[in-house]
Structures are given as structure tokens and as C-alpha cells.
Amino acid sequence: YQSSFDVIPVDMVANAAIAAMAKHGCGNVSELKVYNVTSSSHANPLRVGELMDFSRQHLRESPLTEETTKDLERMTFHSSLEGFTSSVSSTIAKQEREMMKNGEGEAESHTALSRKGKRKLTILCP
């Protein structure tokens, strides 16, 4: 929650990628070239928790609609991959229970959601 990170505008990343491609071309190069694109945010670093709080504050002050933001919860920061994947797994299970409870598409929707959930977990935990 207290970790800082760089926020890099997408145009800087795209420009760096284009410059790297122009310099090295598409040839069959055996060595790996690494480019680091960073911002100069060391003087005033942005903390993960601050970004989460700013996002929540913005959504409360400028809601999309009353219906979509009335139950807006504080974002959760996961300090480990295990905690994150556990949270994703719990969310998928909750969605499946809600679908079954509401009778939405019954088995077909349930199976599709299960496949999507398993695919997400496979990507996150190879």
C-alpha cells in the first residue's frame, strides 16, 4: 500500500518502442536489448494507496451513475500473488453462486463462467 511506482504516459512507452524498433530493425538478433522508460517522479512519488484513494474519491465526486457507484468499496491492495489469486478465485466463486441463485442461464452460463474463471487463474498462476 505504501509502495511507490512510476506512472508513465502511454505515448512515452509507444515512442520508446518505435525508437527501439528503428534502431535494431527486425533482424535476427541473438542478444537481448533492454530499454527502461521511466518518469521523473522520484521527487514527488505516487504511492499505490494514494492512487487507489484518488480513484475512489474521483468516482464518488463524479459518479458514472448513482446505481453503479452507490456500493463503491475501497479497493483492495494484495501484497502477494497468492493473496491476489485467492481474491480472484473467491470473486469467481461468488459470481457463480449469484448466477445459480438467480437462475441466469443455469448450467450454460455457469459452465461458461467457470471456463473463464479457470482461464483467468491459469494465466495468473502458470
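Couple of notes before you dig in:
- Of all residues making up region 46-69, the number that are touching a Phe, Trp or Tyr at 6+ places or on another chain (Cβ under 7 Å) and assigned to a helix (DSSP H, G or I): 3
- Scanning region 8-32 for residues that are loosely packed, with under 10 Cβ neighbours inside 10 Å and at pLDDT below 80 yields Ala22, Lys23, Gly25, Cys26, Gly27, Asn28, Val29, Ser30, Glu31, Leu32.
- Lone qualifier among Thr91, Thr76 - being of a type in the set (Val, Ile, Thr) and surrounded by 12 or more Cβ atoms within 10 Å (Cβ to Cβ): Thr91
- So Val88, is it touching a residue at least 24 places away in the same chain (Cβ under 8 Å) and touching a Leu at 6+ places or on another chain (Cβ under 7 Å): yes
- Residue in region 55-73 that is modelled with the lowest pLDDT, counting only those that are surrounded by 10 or more Cβ atoms within 10 Å (Cβ to Cβ) and within 19 Å of the chain's Cα centre (by Cα): Leu72
- Pairs where the first residue, in region 1-15, is in contact (Cβ under 8 Å) with a residue 12 or more places away in the chain and of a type in the set (S, T, N, Q) and the second is assigned to a helix (DSSP H, G or I) and surrounded by 11 or more Cβ atoms within 10 Å (Cβ to Cβ), C-beta under 8 Å, 6+ apart: Gln2/Val48; Gln2/Gly49; Ser3/Val48; Ser4/Val48
The values are calculated or read from the model by the stated rules, or taken from the named source; none is laboratory data. Note that this is a predicted model, so its numbers are computed, not measured. For neighbour counting, all protein chains shown are included, and Cβ atoms are generated from backbone atoms with ideal geometry for every residue, glycine included.
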